[in-house]
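Taking it in order: structure first as structure tokens, then the write-up.
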Amino acid sequence: MSQHVAVLMGGWSAEREVSLRSGEACARALEGEGFRVTRVDVARDIADVLGRLKPDVAFNALHGRVGEDGTIQGILEVMRVPYTHSGVLASALAMQKDKAKLVMAAAGIPVAHGLVVDRHEAAKRHVLPPPYVLKPVNEGSSVGVVIVRADRSHPPQEIGRPDWAHGDALLAETFVAGRELTCAVIAGKPTAVIDIKADDHVFYDYDAKYAPGGSIHVLPADLKENVYQHVQELALRAHAALGCRGVSRTDFRYDDRPEGSGQLVVLEVNTQPGMTETSLVPEMAADAGYSFGGLVRWMVEDASCER
């Protein structure tokens, strides 16, 4: 009998729609690989649902809070259901951006200067000299990220509005100009590096990530050999420092402008990278010789509930 895989998708985070797309793509690919697949739109009764389904493996295609922050991972470990991607600690740590930066910095990984601020305070005054970035400490897919430009005379007012839905704690970081790079780790090895050109977008925001044509992915990135290898090395080190397993994706900024500093910093590590038709990890996996079906099959075979 074929293995029964429950593909967990949807949920109720700000990234629900992306998760549904990731989950459906993975479910179809797993069916093509011969698995018996049940699609699960995750709600607060997920433990009851899994108890009835009794899957052999849970393929975690959730993004954002609950699915990516160690919560669903903890439920799966209590139920002894092997699951894909990182465990409880690595998931929680990577999702809490300020804490992840501390761990990476302690491991000698370069990160942008930053501090945690209350959103109401950040709406009153510049918390760092412009240009700088404000981002929720525990969201993904660039949800809630605000770029404060160098010529902005006052802080962004949207972060102080009553309808702000991304928490009161924000991470303020010095803006690093230059190129957006990304590198994944699959089966303990770094992939090729992608240079993300986000077209009209100031940075690789939600639309650039998920809208068709929102960005151009240059694979492999046109970088000096020593810089290229350093990006791969840092992706591996960040993956290890946070205790990730399976697949992760590390995002970078690299200031290679003629007037720039040559600075290369890690922005964050994604323990649940997107698996949509415009996502980066499937593209990097293909370059490494994995078909999409082969990639998701490997992820199921790598599933665990040990940490």
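The values are calculated or read from the model by the stated rules, or taken from the named source; none is laboratory data. If you're wondering where the values come from, they're calculated on a predicted model, not measured in any experiment. Glycine also receives a Cβ, built like all others from the backbone with ideal geometry; neighbour counts cover every protein chain displayed. The protein model used for the area step is the full one, side chains on, heavy atoms only, and it has no ligands, DNA or RNA in it. Shrake-Rupley method; radii C 1.70, N 1.55, O 1.52, S 1.80 Å.
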* Among the candidates 279, 261, single out the residue that is at pLDDT below 95 and over 12 Å from the mean Cα position of the chain (by Cα). => 261
* Asked: When you go through (1) of a type in the set (Val, Ile, Thr); (2) over 30 Å from residue 237 (Cα atoms); (3) in contact (Cβ under 8 Å) with a residue 60 or more places away in the chain one by one for residue 81, which number turns out not to apply?
  -> (2)
* Structure fact -> Checked region 241-300 for anything touching a strand residue (DSSP E or B) at 6+ places or on another chain (Cβ under 7 Å), of a type in the set (Ser, Thr, Tyr) and either open to solvent by less than 20 Å² (accessible area, probe 1.4 Å) or free of Cβ contacts under 8 Å to residues at least 40 places away in the same chain (or both); matches are 248, 250, 271
* Structure fact -> Inside region 131-155, the number of residues satisfying the requirement of being surrounded by 16 or more Cβ atoms within 10 Å (Cβ to Cβ) and farther than 20 Å from residue 96 by Cα is 3
* For residue 225, state whether it is under 28 Å from residue 78 (Cβ atoms), open to solvent by 10 Å² or more (accessible area, probe 1.4 Å) and free of Cβ contacts under 8 Å to residues at least 12 places away in the same chain. => no
* Structure fact -> Flagged in region 12-65 as of a type in the set (Phe, Trp, Tyr) and closer than 22 Å to residue 2 by Cα, in numbering order, are 35, 59
* Entirely in region 1-103, the strands (runs of 3 or more DSSP E) that have 2 or more residues that are more than 25 Å from residue 250 (Cα to Cα) and open to solvent by 50 Å² or more (accessible area, probe 1.4 Å) -> 36-41
* To do: Say whether the condition of being surrounded by fewer than 19 Cβ atoms within 10 Å (Cβ to Cβ), assigned by the TED database to the domain that holds residue 261 and in a helix (DSSP H, G or I) is met by at least one residue in region 104-116.
  => yes
